[in-house]
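Data block below; observations after.
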Amino acid sequence: MSPSQTKAPSLRLFVECLKKVPNPRSKHGTYHPICTILALVFLRLLDNKTSLAEIERWTKLHFTQLKKFLRFRYKNKRWQVPHAITFARILRELPLADLQNAFAEFVNDLVTRRQQLMSMRTQETNRLHSARQKGIKKSIEKILKTFDERIAAIDSSIETMIAEHPDWNEKDKILQSVLGVGAKTSQVFLSALPELGTLNRQEITALVGVAPFCRDSGTKSGSRSIKGGRADVRAALFMAVFNAIKWNKTFKKFFDQLIARGKKYKVALVAIMRKLIAVLNVMIKTKTYWKEQNIPAEK
């Protein structure tokens, strides 16, 4: 496989992601960036080549094409290709967790940026409705077009990163098998909630911020309320629940039961949020897809 057989946007995204991996080497004597070393290794692994000497030879063979994407060392008026010993030293010292964290952080940055652009787009849309002058309207429309282009580009980048990550790709399909959980919600869960599938029900609901906490003091028994947690995940979960109680038969039935028992609308919504994240947690942990079922109502 040559670099020309790899999509350029995918390779650029991959290299940007690898830039977040911490360098295990000391600064003294470091020449080639770690993202360059790792990118070369992973490109060869795609072709089922594991020999470090083969990686070095392949890099020299396709050097002209690779130079467009990777930063090689330039010394003594010539370009330097990483030696097989360099590959071996970095792979020996680099923890696997650092790679996983770098990938999650990179996708989370993209998701966060998309949310920021969506927020600014909403503001400009509201200004468009209230604008009176024709020139101002045209100015806002141009800005909205720019926002749409940037949001589309980020969406494409996120989809590419998830599609090319086997573990995340499988988790994405599991999450979206639940009617109510869409692509954007799944992206937030994958990037901002990496603990999903590794904790128990109480821990995951508290981490998201939908666990009920008591307000008792002495003989006084106060109402339960939620607090803390990850706001971005909770916002995405709320939108998923808002759709689930309309289109998902299981959660709609559960919601109707809570309302029939006299629960307030928002209290019932939070209960569904808590139930949904607990169900998703079990699905990711057991790698099972959604199927309609009877969920016992909370007391």
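In the list A235, A268, which residue meets the criterion of being outside the structural domain of N108 (by TED's automatic domain parsing), under 25 Å from E170 (Cα atoms) and small (G, A, S)?
Every option except A235 fails the conditions.
Restricting the stretch 101-132 to residues that are touching a helix residue (DSSP H, G or I) at 6+ places or on another chain (Cβ under 9 Å) and of a type in the set (S, T, N, Q), which is farthest from L193 (Cα to Cα)?
Going through the qualifying residues, I end up with T125.
Can you name the residue in the stretch 5-25 that is modelled with pLDDT of 65 or more and not in a helix (DSSP H, G or I) and is also surrounded by the fewest Cβ atoms within 10 Å (Cβ to Cβ) among such residues?
Here the residue is P22.
Here are S225, S186, S191: which of them is exposed (fewer than 13 other Cβ atoms within 10 Å of the Cβ) and of a type in the set (G, A, S)?
Exactly one of S225, S186, S191 is exposed (fewer than 13 other Cβ atoms within 10 Å of the Cβ) and of a type in the set (G, A, S), namely S225.
What number goes with the only condition from (1) surrounded by 15 or more Cβ atoms within 10 Å (Cβ to Cβ); (2) more than 17 Å from the chain's Cα centre (by Cα); (3) more than 10 Å from I277 (Cβ to Cβ); (4) at pLDDT 90 or above that R201 does not pass?
(3) is the only condition that R201 fails.
Can you name the condition, by its number, that F254 falls short on among (1) crowded, with 22+ Cβ neighbours inside 10 Å; (2) not in a helix (DSSP H, G or I)?
Just one mismatch for F254, condition (2).
Does the stretch 195-204 include one or more residues that are basic (K, R) and either within 13 Å of V181 (Cβ to Cβ) or without any contact (Cβ under 8 Å) to a residue 60 or more places away in the chain (or both)? If you could, list the steps in order and put the result at the bottom.
Let us first name the residues in the stretch 195-204 that are basic (K, R), namely 201.
Checking which are either within 13 Å of V181 (Cβ to Cβ) or without any contact (Cβ under 8 Å) to a residue 60 or more places away in the chain (or both) leaves us with none.
Within the stretch 195-204, not a single residue is basic (K, R) and either within 13 Å of V181 (Cβ to Cβ) or without any contact (Cβ under 8 Å) to a residue 60 or more places away in the chain (or both).
Before we move on, is A97 more than 29 Å from A153 (Cβ to Cβ) and at pLDDT 75 or above?
yes
In the stretch 252-277, which residues are without any contact (Cβ under 8 Å) to a residue 24 or more places away in the chain, under 19 Å from S223 (Cα atoms) and of a type in the set (D, E, K, R)?
Hits for the stretch 252-277 are K263, K264, K266.
The values are calculated or read from the model by the stated rules, or taken from the named source; none is laboratory data. What you are looking at is a predicted structure, and each value in this text was computed from that prediction instead of being measured. We place every Cβ from the backbone using ideal geometry, glycine too, and count neighbours over all the protein chains shown.
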